[in-house]
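What follows is one structure encoded as structure tokens, with my remarks underneath.
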Amino acid sequence: MTSSPRRILIVYPRFRRASFWNFKASCEAVGARYPAPPLGLITMAGMLPRSWDIRLLDRNCETLTDADIDAADLVMTGGMLPQQPDILDIIDWCHARGKLVAVGGPDVTTTPEIYKAADFQIRGEAEAVMQQFIDAWTGGATQGVFEIEKFTTDVTTSPIPRFDLLNFHNYLFVNVQYSRGCPFNCEFCDIIELYGRKPRTKTNAQMLAELDRLYELGYRGHVDFVDDNLIGNKKAVKQFLPSLIEWQKKHGFPFEFSTEASINLSDDPQLLGMMRDANFFAVFVGIESPDTETLVAMQKKQNTRRSIEASIHKIYDAGILVVAGFILGFDEEKDGVAEPMVACIEEAAIPACMIGLLYALTNTQLTRRLQREGRLHAGYDLVGEKIDGDQCTAGLNFTTKRPRREILEDYVAVLQRIYHPDAYFGRLQRLSHALRRHGVPQSREAAMKDLKLLGRFVWRMTLRHPRLLRPFLRIFIDCARHNPAALKPILMMMGFYLHLGPFAQHVVGQLKQQIAQIDRGEWAAPPLAPVGSAAPAARELAAAANA
Ligand code: SF4
């Protein structure tokens, strides 16, 4: 069906304010307003007719007004669990202005019952159902559910995201996606429930067309591959990387890349070499725990039978720095886990670590097991009214095996030690020596952009964070003398500390309050969810608890 032009307002909902991932101070230091743009929504925008008038508004860095909503024929929104409260607010707001709302994304896919108020729900990966939705709405429908069977979407049909809708200046970096899904089977992971264990990849031409588009639009600098695990399909990525290397050479290396990958990346020197040659400079690796028994029990066997520290250093040898994820609260966790966790982080010289409390996400193997075992909390969730945080402060939504207080104490100990300025900058200095970056030729525009950012960063540091200026200059001069090729990623890690240092203090403060509550006998475990096999929705659990 052909459709007359329509005015669509796409609204990216706010994340919770207190989140590890918002990097607020780091953004401010370089003049950005939020780390990354909404790739899912601009990909969905690419599926809408080109003749339509489409506007994107990101609530994390822009203000939504009544007038914005009034000017649209339809509002489209959606996102992840931490955005749930804002998505629900946006739906109510649009209805109060008499507008229809369509909701999509991972959270409505996992817990559609929470979004009953939305007029349209687009569940699952949108590519295969978007035309049905367009036909229904332009044909006069005012409600409907459009759902695609899980894991069946052919990502080679995915359009080039509408990068033209973005204001690049708002963001620290932009993002693209090559594959969806991961072959591993970690018990706590919701990625494999949403996207499956057989990674589906785009074609080389499709991926390069996305980079062409970014290049044409004048973007230069950091591009993040948001893949759940870029190396999930190693054969495919090894066929793609040579094309990416050629593209970079042809365009004078306008982009540097980051991504997420499993630690078995370190076992494959050929793959590491290709990523280095394509100018990957950072990778997020989920380490989770330094303890083998804990890793085996969480089904993260890819992290076992290896020295974590040696594996990380192999990645450094390819010039790629590692940002790592760790989690506390697993059943098999040993008393005093803080000590080996800190030792692992120090030995591997990983400056930025995302340390969180285990949280049983709806619709994961972990949640199903905890519910079967009668250990899942009802009414305690990441979107609860009183919670403004993420899994850093609002985890452990189940009856833990170790005493809760001990887990929280270990968590406090890890944060206090690894985010003390001396410890962070010590690891950063060791990293600056370990990182074997090759001198990558840089385009003039990219070099100018970097120089401007550096100037702004130093100015901001001098004005706002004078106590960090001394370690900053020490590492800067040392790195410039001994390993100048590593200067840029090292500077970036310094910028991260502007967020990570204060955020760790915030989390420690919250955790100490929780510990004090336990000590005063004021903390009572929430009621347990009914024992059963089906995964409950967070809001249903909350309702059960409040009943
Ligand atoms: S490696 Fe990462 S994406 Fe893959 S299953 Fe484990 S947690 Fe999920």
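Just the residues that are modelled with pLDDT of 95 or more and either assigned to a loop (DSSP other than H, G, I, E, B) or open to solvent by 10 Å² or more (accessible area, probe 1.4 Å) (or both), please, taken from the stretch 395-411.
Of everything in the stretch 395-411, those that are modelled with pLDDT of 95 or more and either assigned to a loop (DSSP other than H, G, I, E, B) or open to solvent by 10 Å² or more (accessible area, probe 1.4 Å) (or both) turn out to be THR399, THR400, LYS401, ARG402, PRO403, ARG404, ARG405, GLU406, GLU409, ASP410.
Restricting to the stretch 191-221, count the residues that are outside any strand (DSSP E or B) and either farther than 20 Å from GLU127 by Cβ or within 21 Å of the chain's Cα centre (by Cα) (or both).
The number of residues fulfilling the criteria is 21.
Quick one: GLU113 ticks every box in (1) part of a helix (DSSP H, G or I); (2) within 24 Å of ALA36 (Cβ to Cβ); (3) away from the ligand (no atom under 16 Å from the Cβ) bar one, so which box is it?
Of the numbered conditions (1) part of a helix (DSSP H, G or I); (2) within 24 Å of ALA36 (Cβ to Cβ); (3) away from the ligand (no atom under 16 Å from the Cβ), the odd one out for GLU113 is (2).
For the stretch 169-188, give me each residue that is more than 10 Å from the ligand (Cβ to nearest atom) and open to solvent by less than 30 Å² (accessible area, probe 1.4 Å).
Within the stretch 169-188, ASN170, TYR171, VAL174, ASN175, VAL176, TYR178, SER179, ARG180 meet the criteria.
Scanning for something within 16 Å of the ligand (Cβ to nearest atom), open to solvent by 50 Å² or more (accessible area, probe 1.4 Å) and either in contact with a helix residue (DSSP H, G or I) (Cβ under 9 Å, 6 or more places away or on another chain) or among the aromatic types (Phe, Trp, Tyr) (or both), does the stretch 281-290 turn up at least one residue?
No, every residue in the stretch 281-290 fails to be within 16 Å of the ligand (Cβ to nearest atom), open to solvent by 50 Å² or more (accessible area, probe 1.4 Å) and either in contact with a helix residue (DSSP H, G or I) (Cβ under 9 Å, 6 or more places away or on another chain) or among the aromatic types (Phe, Trp, Tyr) (or both).
For (1) within 16 Å of the ligand (Cβ to nearest atom); (2) among the aliphatic types (A, V, I, L, M); (3) open to solvent by less than 10 Å² (accessible area, probe 1.4 Å); (4) modelled with pLDDT of 95 or more, each residue gets a yes or a no:
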{"site": "LYS301", "(1), (2), (3), (4)": "yes, no, no, no"}
{"site": "VAL322", "(1), (2), (3), (4)": "yes, yes, yes, yes"}
{"site": "ALA348", "(1), (2), (3), (4)": "no, yes, yes, yes"}
{"site": "LEU366", "(1), (2), (3), (4)": "yes, yes, yes, yes"}
{"site": "GLY379", "(1), (2), (3), (4)": "no, no, no, no"}
{"site": "LEU382", "(1), (2), (3), (4)": "no, yes, no, no"}
{"site": "GLY389", "(1), (2), (3), (4)": "no, no, yes, no"}
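Considering only the stretch 139-156, state which residues are within 12 Å of VAL129 (Cβ to Cβ), outside any loop (DSSP other than H, G, I, E, B) and open to solvent by 60 Å² or more (accessible area, probe 1.4 Å).
Answer for the stretch 139-156, where residues must be within 12 Å of VAL129 (Cβ to Cβ), outside any loop (DSSP other than H, G, I, E, B) and open to solvent by 60 Å² or more (accessible area, probe 1.4 Å): VAL145, GLU147.
On the given criteria, is THR63 among the hydroxyl-bearing types (Ser, Thr, Tyr) and surrounded by fewer than 21 Cβ atoms within 10 Å (Cβ to Cβ)?
yes
If you scan the stretch 206-221, which residues turn out to be surrounded by fewer than 22 Cβ atoms within 10 Å (Cβ to Cβ) and either modelled with pLDDT under 95 or near the ligand (Cβ under 10 Å from one of its atoms) (or both)?
Of everything in the stretch 206-221, just one residue is surrounded by fewer than 22 Cβ atoms within 10 Å (Cβ to Cβ) and either modelled with pLDDT under 95 or near the ligand (Cβ under 10 Å from one of its atoms) (or both), namely GLY221.
One residue is enough: does the stretch 134-145 have a residue meeting the conditions touching a Pro at 6+ places or on another chain (Cβ under 9 Å) and either within 16 Å of the ligand (Cβ to nearest atom) or under 18 Å from PRO38 (Cα atoms) (or both)?
Taking every residue of the stretch 134-145 in turn, none turns out to be touching a Pro at 6+ places or on another chain (Cβ under 9 Å) and either within 16 Å of the ligand (Cβ to nearest atom) or under 18 Å from PRO38 (Cα atoms) (or both).
Which one of LYS238, LYS234 is modelled with pLDDT of 95 or more, surrounded by fewer than 16 Cβ atoms within 10 Å (Cβ to Cβ) and closer than 23 Å to GLY273 by Cα?
Being modelled with pLDDT of 95 or more, surrounded by fewer than 16 Cβ atoms within 10 Å (Cβ to Cβ) and closer than 23 Å to GLY273 by Cα holds for just one of LYS238, LYS234, which is LYS238.
This table checks each residue for (1) of a type in the set (D, E, K, R); (2) not in a loop (DSSP other than H, G, I, E, B).
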position: PRO290; (1), (2): no, no
position: GLU293; (1), (2): yes, yes
position: GLN302; (1), (2): no, yes
position: PHE330; (1), (2): no, no
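For the structure I just gave you, tell me whether ARG16 is within 24 Å of the chain's Cα centre (by Cα), touching a residue at least 40 places away in the same chain (Cβ under 8 Å) and open to solvent by 30 Å² or more (accessible area, probe 1.4 Å).
yes
Hey, could you check the stretch 189-205 for residues that are out of contact with any Ser or Thr (no Cβ under 7 Å at 6 or more places or on another chain) and either within 12 Å of the ligand (Cβ to nearest atom) or among the basic types (Lys, Arg) (or both) and say which is most open to solvent (accessible area, probe 1.4 Å)?
Going through the qualifying residues, I end up with LYS198.
The values are calculated or read from the model by the stated rules, or taken from the named source; none is laboratory data. What you are looking at is a predicted structure, and each value in this text was computed from that prediction instead of being measured. Positions of Cβ are generated from backbone atoms using ideal geometry, with glycine treated the same way; all protein chains shown enter the neighbour counts. Note: accessible area is taken over every heavy atom of the protein model, side chains too, but ligands, DNA and RNA are not part of it. Shrake-Rupley method; radii C 1.70, N 1.55, O 1.52, S 1.80 Å.
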